[in-house]
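**Q** A single structure is presented below for examination.
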Amino acid sequence: MRVCAIIVTYKPDQVKLGRLLGAIQDQVDKIEIIDNTDANVGLAAALNKGIASAILGSFSHVLLMDQDSLPGDGMVAALLADEIAAQRSGKRVGAIGPALIDTRSGRPYPFVRYGFPRNQWITSSEMVECDFVITSGSLISLASLQEIGPMNAALFIDSVDIEWCFRAKSKGFSIFGSANATMGHEIGDSLIKVPGFGRKQILVHGPVRLYYIMRNRILLYWMPHVTPKWVAQDLLRIPFKFIIFALLVPGRWDNVRHMARGIWHGLIGRSGPHS
């Protein structure tokens, strides 16, 4: 098996990028960097460009990576081993991802199974079947990609991984999380404490990212491969998130303006880059 790591960058922190390259270079057969800094085509389109290069290079797998991630020792080998184990149990593996640890707080992130009214959070010491793994750290075979299809470039950045995982599951593939593989990762721009949440910190995204979050979630609601129970629970999440970022997170007016525009564009079916 030959693995090509695809790293998408956008105005990267050079120190963090250097750490990522140092951590991954001995774990994969090739590193492909797609830089979105000068002409931002979006995360999905950049990943698709890297995937196309991996296909031409006759690799068996791609490892999708963000610039803010830090793979643990032996992460790729552990993902490959667990993929083989899942296949031997009769599963068709769409993607398998590592256990995530927030590099700012040290907080581990559980794997997710979607439910209503709340998701099920799974903490495990081994491989588990779940509904979703984030883009960064995802190991995907090119054979699976050929059947499931590329990333949805119309979404541009947010919810690309959610949509692809739903599509994979609709075609009979399973998604796995591997606690045998670990990766440091930063989700969101920062973590802050807000009034009324005690010592709990919430993930903060900038206004433009909030636009994509709101818009793309609504775009997903209309897709036939997206499950109704996820739509139902996410519909409860949107007003909650709107209120939090409108009232409690700095930059309130910009937050409201971008979230409202994202909701409107989602309702009228507009996709592509934010203008």
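The values are calculated or read from the model by the stated rules, or taken from the named source; none is laboratory data. Keep in mind that this is a model prediction, so the values were computed, not measured. Don't worry about glycine lacking a Cβ; one is built from the backbone with ideal geometry, like all the others, and counts go over all protein chains shown. We work out accessible area using only protein heavy atoms, side chains counted, and drop any ligands, DNA or RNA first. Shrake-Rupley method; radii C 1.70, N 1.55, O 1.52, S 1.80 Å.
**Q** Six or more apart or on different chains, Cβ atoms under 6 Å: show the pairs whose first residue is in the stretch 1-13 and under 11 Å from residue 62 (Cα atoms) and whose second is of a type in the set (Gly, Ala, Ser) and not in a strand (DSSP E or B).
**A** Pairs that qualify, where the first residue is under 11 Å from residue 62 (Cα atoms) and the partner is of a type in the set (Gly, Ala, Ser) and not in a strand (DSSP E or B), are 1/60; 2/60; 4/54; 6/50.
**Q** Which count do you get for residues in the stretch 98-146 that are among the charged types (D, E, K, R), part of a strand (DSSP E or B) and either in contact with a Lys or Arg (Cβ under 8 Å, 6 or more places away or on another chain) or open to solvent by 20 Å² or more (accessible area, probe 1.4 Å) (or both)? Even if it seems obvious, please write down each step before you answer.
**A** Taking the stretch 98-146 as the starting set, the residues that turn out to be among the charged types (D, E, K, R) are 102, 104, 107, 113, 118, 126, 129, 131.
Filter once more, keeping what is part of a strand (DSSP E or B): 102, 113, 129.
Cutting the leftovers down to either in contact with a Lys or Arg (Cβ under 8 Å, 6 or more places away or on another chain) or open to solvent by 20 Å² or more (accessible area, probe 1.4 Å) (or both) gives us 113, 129.
The total comes to 2.
**Q** Could you list, in sequence order, the residues of the stretch 247-272 that are assigned to a loop (DSSP other than H, G, I, E, B), surrounded by 14 or more Cβ atoms within 10 Å (Cβ to Cβ) and not hydrophobic (A, V, I, L, M, F, W, C)? Write out each step before concluding.
**A** Quick first cut of the stretch 247-272, residues assigned to a loop (DSSP other than H, G, I, E, B) only: 248-251, 269-272.
In the following step, the residues that additionally are surrounded by 14 or more Cβ atoms within 10 Å (Cβ to Cβ) were identified as 248-249, 251, 270-271.
251, 270, 271, listed by residue number.
**Q** Scan the stretch 78-119 for residues that are in contact with an Asp or Glu (Cβ under 7 Å, 6 or more places away or on another chain) and at pLDDT 95 or above and jot them down.
**A** Passing the criteria: 93, 96.
**Q** Is it the case, given these coordinates, that residue 244 is among the β-branched types (Val, Ile, Thr), modelled with pLDDT under 95, assigned to a helix (DSSP H, G or I) and closer than 19 Å to residue 112 by Cα? Quick ask: steps written out before the conclusion?
**A** Numbers: among the β-branched types (Val, Ile, Thr): yes; modelled with pLDDT under 95: yes; assigned to a helix (DSSP H, G or I): yes; closer than 19 Å to residue 112 by Cα: no.
Judged against the criteria, residue 244 is not a match.
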